[in-house]
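Following: one structure in structure tokens, then a few remarks.
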Amino acid sequence: MARNPARRTALVDAAIEVLAQEGARGLTFRAVDARAGVPAGTASNYFANRDELFTQAGARIHVRMTPDPAQVDVAMRPAPSRELVTELMHWLMRRMTEERTGYLALLELRLEATRRPALQAELTRAVHAELEESIRFHLDAGLPGDADTVRVLYLAMTGLLLEHFTLPGVLSDVDLERLVETVVTRILP
């Protein structure tokens, strides 16, 4: 296997782009090579098989979607309150909208994980770790609510993002900004 880390990352990023635009069935070594702009056969020199490509994409997607710590520091300057939680959820919507490709690829990976045990293990590990980190962050920051509050916010926002990105017409008559505020208000009365 080839060992150029920068090229490997570029290939995995290309795989994420392919997943978002063509779905799991479209994720082939040839499609990744084309998207990355590298010679045919390059991806097969970096990944033993499609399972490994899926698993690497699953690991990389979370790196791409994690906010910059400096941005988190800025976002956390206001005092802990329900209003701050609301602003953090608005920020989440903006970040995911900016990283739409990554979010759609993640949805594809989640579906594919039902058929690929190694991918399921990787995504379970990554998502569980992120959720636990979110709970820890929320509690350490003194934000209102407990661990269950964070879990319910996670589930509500995941559902909202799923609708927003996959079937935007379902909520087309609803102001998303107001809906985010409603979600937080109902979870954190």
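The values are calculated or read from the model by the stated rules, or taken from the named source; none is laboratory data. Since the structure is predicted, the reported quantities are computational estimates derived from the model, not experimental observations. Note that each Cβ is placed from the backbone with ideal geometry, even for glycine, and that neighbours are counted across all protein chains shown. Only protein heavy atoms, including side chains, enter the accessible area calculation; ligands, DNA and RNA are left aside. Shrake-Rupley method; radii C 1.70, N 1.55, O 1.52, S 1.80 Å.
How would the stretch 110-169 be classified by its alpha-carbon gyration tensor: rounded, prolate or oblate, with rounded meaning a/c under 1.5 and the a/b versus b/c comparison settling the rest? The shape class here is oblate. Heavy-atom accessible surface of the chain, averaged per residue, reaches 55 Å², computed with a 1.4 Å probe.
Using a probe of 1.4 Å on the protein chains alone, the accessible area found for Ser172 is around 90 Å². Computed about the Cα centre, the dipole magnitude for the stretch 46-189 is approximately 280 debye when only Lys and Arg (+1) and Asp and Glu (-1) carry charge, each at its Cβ. Each residue, Glu22 and Asp148, gets one label point 7 Å from its Cα in the Cβ direction; the gap between the two is 4.7 nm. Selection among Thr185, Pro117, Leu131 by position relative to the dipole of the stretch 95-189 gives Pro117 as farthest towards the positive end (Cβ unit charges, Cα centre).
Split the accessible area of the stretch 1-155 by element, probe 1.4 Å, and carbon with sulfur accounts for 54%. If one computes the Cα centroid of the stretch 71-95 and of the stretch 139-189, what distance in Å separates the two points? First find each Cα centre; the distance between them is then 13 Å. Taking a ≥ b ≥ c as the square roots of the Cα gyration tensor eigenvalues, the stretch 79-184 comes out oblate, since a/c reaches at least 1.5 and a/b does not exceed b/c.
For the chain, the residue among Ala24, Thr158, Met76 whose Cα projects farthest onto the positive side of the dipole built from Cβ charges is Ala24. Magnitude of the charge dipole for the stretch 1-100, about its Cα centre and with charges confined to Cβ atoms of Lys, Arg (+1) and Asp, Glu (-1), is about 220 debye.
Calculated from DSSP H runs of 4 or more alone, at -39500 (n - 2.57) each and per residue, what is the 222 nm mean residue ellipticity of the chain, nearest 500? Numbers along the way, then the final one.
Working: 10 runs with 141 residues, N = 189.
So the calculated ellipticity at 222 nm is -24000 deg cm²/dmol.
Springs between Cα atoms under 10 Å define the GNM used for the chain, and in it the highest mean-square fluctuation of Ala70, Ala141, Ala79 occurs at Ala70.
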